[in-house]
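A short reminder: the numbers here are calculations on the coordinates, not readings from a lab. All figures in this text were calculated on a predicted structure; none of them were measured in a lab. In this analysis, Cβ positions are derived from the backbone assuming ideal geometry, glycine residues included, and neighbour counts consider all displayed protein chains.
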Amino acid sequence: MSEQQNSKEQKRNSSTELPKNDVCVNSEILKGSKQRKPQFGTRFLKDENVVYQYNAWDNVEWSEEQLNAARKIILSQSECKMSNTDFKKMEKNAKQHWNEFYGVHQNGFYKDRQWLFTEFPELSFESYSSSSSNSIHCDTRIILEVGCGVGNSVFPILQRNPDPNIHVYCCDFSETAIHILKNDIAYESNRCTAFTYDLTEDTKSLPLQLNSIDIILMVYVLSSIPPNKMKSVLSKLFQYLKPGGLLLFRDYGRYDLAQLRFKNNHYISDNFYARGEGTLVYFFDENELKQMFLNCGYEVIQNISDRRLQVNRKKQLKMYRVWIQGKYVKPHGKIDNK
């Protein structure tokens, strides 16, 4: 085990454990749980004089002046857009770019997502033991993470849910990412199945039965897919969810700081950009995303913008971040037989 892996494993093991959710049958996966950390949206900036008192403020309203400034920046970006030839080349080599990214950074670029259990308490399952006379028997609960990278969501989920009746499937576009994940000391092949998969390939099925997945996790993934392929990806995932199953979602929102920082020749089309290392990113509008899920058959449980002001207190800097967070359910009675 490398020094980097050992350090990361120690951090996982030292993480504070939060209370688990009371979840047994599919109809109950929306139940909440008590949490030590509140969900976002609880710290409001009411006095600009205390803006540097904390590292972040929630639900920060933008002034019309800020919105106009953001629109002006994007208009300027669109006037120096990437050529279609360069975009096609980048799209063709997308897998190579992600393999190179993970080849360089290994498992050290992203932090483990312990915040998942605050925003998505549905991922904390109550542990049931069939050996106990008072236990309630549950079938295997299936979680699928798409775009799992090197396991920054997978390993916290496995650690939080030691019950052997919970199995985590996870896939990624990058063979390098999956290789790193499967060689991590925390990987347990009896509780987790990792595999390489391209969500945009219409002809290739997932190695799971239709109508079988309890929860699909999709964090900063849909934004990396070209807009003309997003609907087919969501429709495919819909087929694999159980009726009553959830898709948990978080991704970049319109006018996020990351969008406004792009320089010339990174703009591809409306709100769609190429990063410097060759990967792609789209910035969603809340209503646009909601309609996309509705059109694919989902019911919307949550679809909100997380507008957060992050503060660098040392440098006295303000950074306006925008994310979209959602929970979408496959209605009961919807059975896919394709």
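With K and R counted +1 and D and E -1, the other residues having a Cβ less than 13 Å from that of residue 194 yield a net charge of -3. Full extension of the chain between residue 183 and residue 263 gives 25.1 nm of extra length, using 0.36 nm per residue less the Cα-Cα distance.
Which order do the peptides 294-306, 170-182, 63-75 take when ranked by the mean count of other beta-carbon atoms within 10 Å per residue, highest first? Spell out each step's value before the answer.
Values: 294-306: 16.1, 170-182: 21.7, 63-75: 11.8.
Result, highest mean first: 170-182, 294-306, 63-75.
For region 162-215, the gyration tensor built on C-alpha atoms gives an oblate shape. Its axis ratio a/c (a ≥ b ≥ c) is at least 1.5, and a/b is not larger than b/c.
Here the simple spin-label model places points 7 Å from the Cα toward Cβ, and for residue 193 and residue 295 these points are separated by 3.2 nm.
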